[in-house]
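The values are calculated or read from the model by the stated rules, or taken from the named source; none is laboratory data. In this text the structure is predicted, and so the values were computed from the model without any measurement. Neighbour counts run over all protein chains shown; Cβ positions are idealised from the backbone, glycine included. Only protein heavy atoms, including side chains, enter the accessible area calculation; ligands, DNA and RNA are left aside. Shrake-Rupley method; radii C 1.70, N 1.55, O 1.52, S 1.80 Å.
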Amino acid sequence: MRFLEKIFQSISSQVLPSACIVCERYQQHSICAHCLQCLNVNGLFNYECCYQCGITLKSLELEEQRCKQCNSYPPYFDETYCLDRYEGALQNAVHQLKYQKRLAYAHGLANVWDHIFSKHLKNFRANFLLPVPLSSRKLSSRGFNQSWEIARRITCSPNIRKLPWALRRYHHEFQQAGGKLAARHLAIKGMFYIDDHFLEVLRGQSIIIFDDVMTSGATLNEIARILKDNGASHVTNWVLLRTAKVMHV
Ligand SMILES: [Zn+2]
Ligand SMILES: [Zn+2]
């Protein structure tokens, strides 16, 4: 299927105009050269960020390359790589994918990732890449998991195996949007589990978690906790957009 999809995309990009996922002007690619260049120059990945949680660092934190919050309350995950800020040029594209269910944007966002971020991650060693899961109820109401739809299309080392179903999520009535931070941390606790078939597969392995948007870090921290409790050796977050909020782990 992926092979056919690639052929179709390569033919259609030659013969059909396409709207840039950022400025929406019609041209030949899913993102225009101008917007790609802007992201290349202004993307969050160009800035000095905390190696552990991906937040931009203050001058006093530069020496350790780690923010005060991670120093005082280290999260369970080891590293975080973020492409851009939530407030940046790609926010609308993520909203179109998530809330308007326009799946073509997953292809465009993966394209952006490949064009400007893959070279920074090409030597990254890991065994598996897992998307942040949705609960089965959420999955059936949205129809797809946006993190997986992007993650499955990005190019990464062939040694990194992508596993869409290893992590699972319970459905809770209290959803993540809104609510006080402490309440969100409580609400997220115990929300994830590893599918029985993958418990042994993931033990002792280095794992990448892919998320479309990282906000407080509570979700990714809880996922890393579950993975580490079950023997994962290293957990890294690959994130498309990072909000500027300080983490409270
Ligand atoms: Zn554009
Ligand atoms: Zn940090």
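Give me the accessible area per residue for the stretch 1-156, probe 1.4 Å, as a whole number in Å².
Normalised by residue count, the accessible surface of the stretch 1-156 is 55 Å².
What is the packing order of peptides 232-240, 62-70, taking the mean over residues of other C-beta atoms within 10 Å and listing the highest first?
Final packing ranking: 232-240, 62-70.
For GLU79 and PHE144, calculate 0.36 nm times their separation in residues minus their Cα-Cα distance, and state this gained length in nm to one decimal.
20.7 nm
Where in the stretch 61-104 are there chymotrypsin sites (Phe, Trp or Tyr not before Pro) that are in a DSSP coil and have at most 12 other Cβ atoms within 10 angstrom of their Cβ?
TYR99
Separation of the stretch 15-89 and the stretch 139-175 by C-alpha centroid, Å?
20 Å
Between GLU64 and ALA33, what length comes free when the chain is fully extended (0.36 nm per residue of separation minus the Cα-Cα distance, one decimal in nm)?
Between GLU64 and ALA33, full extension yields an extra 7.6 nm.
Taking the chain as a Gaussian network, where each spring joins two C-alpha atoms under 10 Å apart, which residue of LEU83, LEU186, LEU44 fluctuates the most?
So, out of LEU83, LEU186, LEU44, the one fluctuating most is LEU186.
Arrange the peptides 214-223, 160-169, 89-98, 134-143 so that the one whose residues have, on average, the most other Cβ atoms within 10 Å appears first.
214-223, 89-98, 160-169, 134-143
Between beta-carbons, use under 13 Å as the cut-off and find the net charge around LYS228, counting Lys and Arg +1, Asp and Glu -1.
Taking every Cβ under 13 Å from that of LYS228, the sum is -1.
List the aspartates and glutamates whose Cα lies under 14 Å from the Cα of LYS58, skipping any in the same chain that are fewer than 8 positions away.
GLU48
Tell me the mean residue ellipticity at 222 nm calculated for the chain from its helices only (DSSP H runs of n ≥ 4, each -39500 (n - 2.57), averaged over every residue, nearest 500).
So the calculated ellipticity at 222 nm is -10000 deg cm²/dmol.
In the neighborhood of ALA166, defined by Cβ-to-Cβ distances under 13 Å, what is the net charge if each Lys or Arg adds +1 and each Asp or Glu adds -1?
+2
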